Amino acid sequence: MARYTGPACRICRRQGDKLMLKGAKCFTPKCPVEDRHTPPGQHGSARRKVSEYSLQLREKQRARFIYGVLEAQFKKHYVQAERRPGLTGENLLQILEMRLDNVVYRLGFADSRRQARQIVQHGHIAVNGRVSSIPSHQVKVSDVISWKQTSTKLPLYQVVVKDLGSRSVPSWLELNRDAVTGRVIAKPARVDIESTIDERLIVAFYSR
């Protein structure tokens, strides 16, 4: 399945919730979710019966859209989570959180995961001093995330440096605002993941 390239706000309206896909715009009155409380389309306001399968599918799609992951890759992450010891749902969220593009977003190097993925793909981010252009790269504990030296001349980098003072990071990450680098100090536990995703519905969807 190809990556969705349409309006990001349409996805939020379909899900009926802010998925924070547009960064700063999501916090302004311009957010379409604030103005339009119905799903997109001609029949968006029609009442529909919601089945158990529909709830499970919607939650799976919601997680996919939040983290910007394609269907095949999301299924791959789920299989990896299933093989790990512990709760499959929590393992899945941990894998999604430790993707490089998500870590870049969590550190405040980007306003949204979409932007973070683009920054990584363009080769602006280094892990332990080596440039990685793979958004799905799984970071490990003690990994250091930094900007490539030549990328520090970009206007985007200057904006990031200016805004870092007001950014907060999860407890499993450490941010050095002076050096503009981040470090993974632990694996994220479920309580550390600020997410409204109900992972139990996703597990139920794949367990059918």
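Going through (1) over 17 Å from the mean Cα position of the chain (by Cα); (2) over 24 Å from Glu59 (Cβ atoms) one by one, Ala204 falls short only on (2).
Condition check for Ser171 on (1) assigned to a helix (DSSP H, G or I); (2) free of Cβ contacts under 8 Å to residues at least 60 places away in the same chain: one failure, at (1). Does any residue of region 151-165 turn out to be assigned to a strand (DSSP E or B) and either in the same structural domain as Leu55 (by TED's automatic domain parsing) or out of contact with any helix residue (DSSP H, G or I) (no Cβ under 6 Å at 6 or more places or on another chain) (or both)? Checked against the condition, which is being assigned to a strand (DSSP E or B) and either in the same structural domain as Leu55 (by TED's automatic domain parsing) or out of contact with any helix residue (DSSP H, G or I) (no Cβ under 6 Å at 6 or more places or on another chain) (or both), region 151-165 yields no hits at all.
Scanning region 140-173 for residues that are crowded, with 16+ Cβ neighbours inside 10 Å and charged (D, E, K, R) returns Asp143, Lys148. Taken over region 91-131, residues that are part of a loop (DSSP other than H, G, I, E, B) and surrounded by fewer than 17 Cβ atoms within 10 Å (Cβ to Cβ) amount to 4.
Looking for whichever is closer than 18 Å to Gly108 by Cα, modelled with pLDDT under 95 and of a type in the set (Val, Ile, Thr) here; the options are Val139, Val144, Val161. Which one fits? If you could, list the steps in order and put the result at the bottom.
On the way: Val139 fails: modelled with pLDDT under 95; Val144 fails: modelled with pLDDT under 95.
Matching residue, one of Val139, Val144, Val161: Val161.
In the condition set (1) at pLDDT 95 or above; (2) surrounded by fewer than 22 Cβ atoms within 10 Å (Cβ to Cβ), Lys49 is compliant with all but (1).
The values are calculated or read from the model by the stated rules, or taken from the named source; none is laboratory data. Keep in mind that what you see is a predicted model, and the values were worked out from it rather than measured. All Cβ positions, glycine included, derive from the backbone under ideal geometry; neighbour counts span all protein chains shown.
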